[in-house]
Amino acid sequence: TFEVALRYIPGIGAVNGGAALISLTDITDREQASQMRRDFVANVSHELRTPLTALMGFIETLRGPARDDAPARDRFLTIMQGEANRMNRLVGDLLSLNRVESEERVRPREQLDLGAHLASTLKSLEPVAEAADVQLFLEIPEEPTLVTGDPDQLQQVFTNLVENAIKYGGDQVTLRLRTRDRDPAVRAAAVRVEVIDNGNGIDPVHLPRLTERFYRVDSHRSREQGGTGLGLAIVKHIVNRHRGRMRVESSAATGTVFTVILPR
Ligand code: ADP
């Protein structure tokens, strides 16, 4: 798409002592960006409106038919709390996304021991795993693995990936840090963190789009699990900020592996 502008510049050229200039500007990128913005706003509005509509319906019912029905009132209040929690999670994830996007160009500076950091991240997820009847495994090297990173953001990356593995995977999740790559160049330059589950895998057609905002393989399942559809988009921005890379491999037979490669 081009934008056409016509300008008359007096004092140059031959025609009446001035010249007409036609300029063409390629605005394809700009149009795509504003289309994406519109889609995003439409998605956010839709995601917020769904729980809001439910809340409004329950308020009506509580004022009318359920006014004197104590057990029904309790039931409705529990559902309303769930819907309010869902809105709260969505707003929290939107703020996180905004923050990580705005910090994406700022290099993280802190040194941290990634192994110890992963161990404490996994520890904090034990109650979630227990509630879902999922076993957690940690595989880290004995010696410390120093990387430069933002500890809070890296915690968010591995929390999101492990929580997804718990929600959508099978009954076992492994968080593994590998520092002994077969390739010596990789070994010196980078570390590899894998989040492995033994679930039913993800159909390959979905893999390229997983990190898009609000993209879900199974919307119903995601919503039921309290997903906002923003987790992997947040992960992607944080990994970019750390100049890292992310890969996903999945098969119906063995499950899914999310790999994050971080520079040393
Ligand atoms: P959500 O909030 O829906 O979990 P995410 O951005 O974290 O959003 O993930 C996007 C989608 O990717 C999920 O809805 C789910 O369908 C799929 N997904 C993510 N991790 C896994 C996994 N380990 N196994 C199967 N599907 C997964």
Exercise for review: Counting only C-alpha contacts under 8 Å and six or more residues apart, can you give the relative contact order of the range 122-207 as a whole percent?
Suggested key: 31
Check your understanding: For the range 192-227 and the range 127-176, what is the separation of their C-alpha centers, rounded to whole Å?
Key -> 16
Check your understanding: Charges only on Cβ, +1 for Lys and Arg, -1 for Asp and Glu: so what's the dipole of the range 40-106 about the Cα centre, in debye to the nearest 20?
Key -> 120
Point to revise | Contour excess over end-to-end distance, with Cα ends at Ala189 and Leu95 and 0.36 nm allotted per residue | key: 30.6 nm
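Rounded, prolate or oblate: which fits the range 69-150 when a ≥ b ≥ c are the square roots of the eigenvalues of the alpha-carbon gyration tensor, with rounded for a/c under 1.5 and prolate only if a/b beats b/c? Spell out each step's value before the answer.
Numbers: a/c = 5.55, a/b = 1.64, b/c = 3.38.
Note, shape of the range 69-150 comes out oblate.
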Review point. From the residues Gly169, Ser222, Val147, which one has its Cα farthest along the dipole of the range 85-231 in the positive direction, the dipole being from +1 and -1 charges on Cβ of Lys/Arg and Asp/Glu about the Cα centre?
Key: Ser222
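Does the chain come out rounded, prolate or oblate by the C-alpha gyration tensor, with a ≥ b ≥ c the root eigenvalues, rounded set by a/c under 1.5 and, if not, prolate when a/b is larger than b/c and oblate if not?
Since a/c reaches 1.5 but b/c is at least a/b, the shape of the chain is classed as oblate.
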Point to revise | Relative contact order of the range 132-264, defined on C-alpha pairs under 8 angstrom at six or more residues apart (%) | key: 29
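Relative contact order for the chain using alpha-carbon pairs under 8 Å, separation at least 6, rounded to a whole percent? Don't skip to the end; give the middle numbers.
Numbers: 380 pairs, mean separation 42.3, N = 264.
Once normalised by length, the contact order is 16 percent.
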**Study point:** Residue list for the range 73-117, given a label point 7 angstrom along the Cα-to-Cβ vector of Val44 and an amide N cut-off under 18 Å
**Key:** 86-104
Check your understanding: Antiparallel DSSP bridges in the chain: what percent, to the nearest 5?
Key -> 85
**Study point:** Max mean-square fluctuation residue, GNM over the chain, Cα-Cα springs under 10 Å, options Ile22, Ile196, Ile79
**Key:** Ile22
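Sort the following peptides by mean Cβ neighbour count (other Cβ atoms within 10 Å, averaged over residues), highest first: 133-140, 67-74.
Top to bottom by mean Cβ count within 10 Å: 133-140, 67-74.
Read the figures in this text as sums done on the coordinates, not as results from a lab. Quick caveat, the model's predicted, so the values are computed rather than measured. Every residue, glycine as well, gets a Cβ built from its backbone with ideal geometry; the counts of neighbours run over all protein chains shown.
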